[in-house]
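Asker: Below you will find the structure I want to go over with you.
The values are calculated or read from the model by the stated rules, or taken from the named source; none is laboratory data. Please read these numbers as outputs of a predicted model, since none were measured by experiment. Using ideal geometry, Cβ is built from the backbone for each residue, glycine included, and neighbour counts are taken over all protein chains shown. The accessibility values were calculated without ligands, DNA or RNA, using every heavy atom of the protein model including side chains. Shrake-Rupley method; radii C 1.70, N 1.55, O 1.52, S 1.80 Å.
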Amino acid sequence: MRLWTIAAALGLMAADGPAAGASEPGTAGAEKPRFLSLRAAKTNVRFGPGRRYPIAWVFVRRGLPVRIVGRFETWRRIRDWEGSEGWIHQSLLSGRRSVIVLDGPAGLRRKPDAKARLVAQIERRAVGRLLRCDGAWCSVEFSGRNGWIRKKAVWGVSDADR
């Protein structure tokens with residue numbers, strides 16, 4: 001009877017992801033790191049890749065950029081702009097790209113040029129939609145205002161983004 005209980009418990013653990021002490025999930029099936037955004041206004045971030053893992057924290061803002069740093073089946077290991085890592089289900093991610101302002105205020109300019117006319121000052125932690133990047137500048141939209149912002153002023157883009 002006891003042997004059957006242990007086997008059943010191991011079977012449940014295998015169905016819901018590796019055990020906490022197992023080798024790190026997300027390393028063998030690691031994806032190329034890339035940025036996505038949160039689809040839901042409330043997103044549970046877990047300690048491991050499965051519903052049986054406790055919730056580490058909850059994002060309460062839709063559209064925040066996250067970096068995918070690993071995967072295990074339908075779960076993605078993410079890193080947020082502050083460097084915290086956790087696991088979320090892939091259904092909670094959107095391909096719509098976004099950025100968050102690291103230090104504000106940051107200048108939103110009409111053209112990708114430091115001398116171009118200032119459209120707005122964007123406050124720290126403001127989240128905007130990423131349209132595209134061109135060298136050291138990114139075209140973004142913050143609350144209906146479009147313009148260009150320095151790539152180094154935001155988080156959610158990589159050097160490879162063009």
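Here's the yes/no breakdown for (1) touching a Gly at 6+ places or on another chain (Cβ under 6 Å); (2) among the acidic types (Asp, Glu); (3) touching a residue at least 24 places away in the same chain (Cβ under 8 Å):
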residue: Ala106; (1), (2), (3): no, no, yes
residue: Pro112; (1), (2), (3): no, no, yes
residue: Ala116; (1), (2), (3): no, no, yes
residue: Ala126; (1), (2), (3): no, no, yes
residue: Leu131; (1), (2), (3): no, no, no
residue: Val140; (1), (2), (3): yes, no, yes
residue: Asn146; (1), (2), (3): no, no, yes
residue: Arg150; (1), (2), (3): no, no, yes
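Asker: Look through the stretch 147-162, keep the residues that are in a strand (DSSP E or B) and open to solvent by 20 Å² or more (accessible area, probe 1.4 Å), and return whichever of them is nearest to Arg67 (Cα to Cα). Before you say what the answer is, go through the steps one by one.
Answerer: Going through the stretch 147-162, the residues in a strand (DSSP E or B) turn out to be 147-150, 154-155.
Among the residues that remain, those that are also open to solvent by 20 Å² or more (accessible area, probe 1.4 Å) are: 148, 150, 155.
Values: Trp148: 22, Arg150: 19, Trp155: 10 Å.
Restricting to residues being in a strand (DSSP E or B) and open to solvent by 20 Å² or more (accessible area, probe 1.4 Å), the top hit is Trp155.
Asker: For the stretch 137-146, indicate whether the set of residues that are open to solvent by 10 Å² or more (accessible area, probe 1.4 Å), at pLDDT 95 or above, of a type in the set (Ser, Thr, Tyr) and assigned to a strand (DSSP E or B) is non-empty.
Answerer: Yes, the conditions are met somewhere in the stretch 137-146.
Asker: Just a yes or no: is a residue in the stretch 126-135 in contact with a helix residue (DSSP H, G or I) (Cβ under 8 Å, 6 or more places away or on another chain) and modelled with pLDDT of 95 or more?
Answerer: yes
Asker: State all residues of the stretch 109-132 that are among the hydrophobic types (A, V, I, L, M, F, W, C) and under 18 Å from the mean Cα position of the chain (by Cα); if no residue qualifies, say none.
Answerer: Of everything in the stretch 109-132, those that are among the hydrophobic types (A, V, I, L, M, F, W, C) and under 18 Å from the mean Cα position of the chain (by Cα) turn out to be Ala126, Val127, Leu130, Leu131.
Asker: One residue is enough: does the stretch 103-119 have a residue meeting the conditions outside any strand (DSSP E or B) and closer than 25 Å to Ala41 by Cβ?
Answerer: yes
Asker: Which pairs do you get when a residue that is open to solvent by 60 Å² or more (accessible area, probe 1.4 Å), found in the stretch 70-91, comes within reach of a residue that is in a loop (DSSP other than H, G, I, E, B) and not basic (Lys, Arg), reach meaning Cβ atoms under 7 angstrom, with the pair 6+ apart or on two chains?
Answerer: Filtered contacts from the stretch 70-91: Arg71/Gly26; Arg71/Gly29; Arg71/Ala30; Arg71/Glu31; Glu73/Pro49; Gln90/Thr74.
Asker: Within 18 Å of Val157 (Cα to Cα), open to solvent by 20 Å² or more (accessible area, probe 1.4 Å) and among the hydrophobic types (A, V, I, L, M, F, W, C), is that true of Val99?
Answerer: Answer is no for this residue.
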